[in-house]
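> For reference, the structure I am asking about is given below.
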Amino acid sequence: MCGRFSLDHFPESVVTALIDAEIEFAPREEVFPGDRVDVVFCRDEGNEVAPMQWGWKRSFTSKPLINARSAGAWDKKTWAQALRNHRCIVPASGFFEWDENQPKGRRDKYRIEPAEDDGFAFAGLYEITVDGEMFMSILTTRPSPKLSEIHHRMPVILDRADYADWLGAGNRESLESMMQPLHDSKLRLIQESRSPDLFSV
DNA sequence: CCAGACGTTGTT
DNA sequence: GTCTGG
DNA sequence: CCAGACGTTGTT
DNA sequence: GTCTGG
């Protein structure tokens, strides 16, 4: 991760735990960097939903910053302020990883879904430009043991009990405790496709 | 993130 | 190699 | 003031 | 482009 995730169904339990409102929702099988998705954030004591573009733009690189390493983000000028004041939650139905043990271009694709839920809540950071456009980046952490067999990073996924604290005025210590790998028991790995040459053997 | 294009004049 | 589209 | 970093995943 | 370090 985290270069692609899914929203093939509305992650209702995640969103209703965050906000009590009718949500505009455009399901799509896959969400790509640069796409706009609905993101939840807190402003003036109340949670809100707004479409945000995935990836922060920076002049020093042509690639949008779609991920932020949670370890160290406190000390990086790009993320520090947002980590303190502009945290958000990105609802998703799942995400994708490619098996990095295999050569690039021939990697099996895996879909990761919640084991017993209808969605994930990615921890993210957002910024608003002068013209009011909003951009978000998804925090990453170490992989859970199961995921570590195919990939060395994973998105930060929040527990339901932490949603409010994440969006509220959390202190550094409590925020750090939320940015841990999701427990293996809360995810399912599904092989989505495999390399063509594995079939031809 | 990955996959696929990336180029033109001119020909079919 | 690098950019674009999905 | 100038020089150099700035971001990630993945690669070397 | 903007911030930091020297």
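> Is it the case that the stretch A:32-45 has a residue that's away from DNA strand C (no atom under 16 Å from the Cβ), in a strand (DSSP E or B) and over 18 Å from the mean Cα position of the chain (by Cα)?
Yes, the stretch A:32-45 contains a residue that is away from DNA strand C (no atom under 16 Å from the Cβ), in a strand (DSSP E or B) and over 18 Å from the mean Cα position of the chain (by Cα).
> Of all residues in the stretch A:134-169, which are more than 16 Å from DNA strand D (Cβ to nearest atom) and crowded, with 18+ Cβ neighbours inside 10 Å?
Scanning the stretch A:134-169 gives A:Leu158, A:Asp162, A:Tyr163, A:Trp166, A:Leu167.
> Still on this model: So is A:Phe25 within 16 Å of DNA strand B (Cβ to nearest atom), closer than 20 Å to A:Ser93 by Cβ and either touching a Pro at 6+ places or on another chain (Cβ under 9 Å) or among the aromatic types (Phe, Trp, Tyr) (or both) or not?
no
> For the stretch A:71-84, what are the residues that are within 30 Å of A:Asp118 (Cβ to Cβ) and assigned to a helix (DSSP H, G or I)?
A:Ala73, A:Ala82, A:Leu83
> Another question, if that's okay. Are any residues in the stretch A:46-63 away from DNA strand C (no atom under 16 Å from the Cβ) and free of Cβ contacts under 8 Å to residues at least 60 places away in the same chain, and if so, which ones?
Within the stretch A:46-63, A:Gly46, A:Glu48, A:Val49 meet the criteria.
> Follow-up. Kindly indicate whether any position in the stretch A:113-122 is of a type in the set (Phe, Trp, Tyr) and crowded, with 20+ Cβ neighbours inside 10 Å.
Yes, the stretch A:113-122 has at least one match.
> Scan the stretch A:98-113 and give yes if some residue there is more than 14 Å from DNA strand B (Cβ to nearest atom), under 15 Å from the mean Cα position of the chain (by Cα) and aliphatic (A, V, I, L, M), otherwise no.
No, the conditions are met nowhere in the stretch A:98-113.
> Can you say whether A:Ala73 is among the hydrophobic types (A, V, I, L, M, F, W, C), closer than 22 Å to A:Leu167 by Cβ, within 16 Å of DNA strand E (Cβ to nearest atom) and without any contact (Cβ under 8 Å) to a residue 40 or more places away in the chain, as far as the supplied structure shows?
Against the criterion (among the hydrophobic types (A, V, I, L, M, F, W, C), closer than 22 Å to A:Leu167 by Cβ, within 16 Å of DNA strand E (Cβ to nearest atom) and without any contact (Cβ under 8 Å) to a residue 40 or more places away in the chain), A:Ala73 does not qualify.
> Is it the case that A:Arg106 is more than 8 Å from DNA strand D (Cβ to nearest atom), at pLDDT 95 or above and not aliphatic (A, V, I, L, M)?
Taking the combined requirement at face value, the residue does not satisfy it.
> Then there is this: Considering the stretch A:60-70 alone, what residues qualify as being within 14 Å of DNA strand E (Cβ to nearest atom) and in a loop (DSSP other than H, G, I, E, B)?
A:Phe60 - this is the single residue of the stretch A:60-70 that is within 14 Å of DNA strand E (Cβ to nearest atom) and in a loop (DSSP other than H, G, I, E, B).
The values are calculated or read from the model by the stated rules, or taken from the named source; none is laboratory data. Quick caveat: nothing in here was measured; it's all calculated off a predicted structure. Cβ coordinates were reconstructed from backbone atoms using ideal geometry, including for glycine residues, and neighbour counts include every protein chain displayed.
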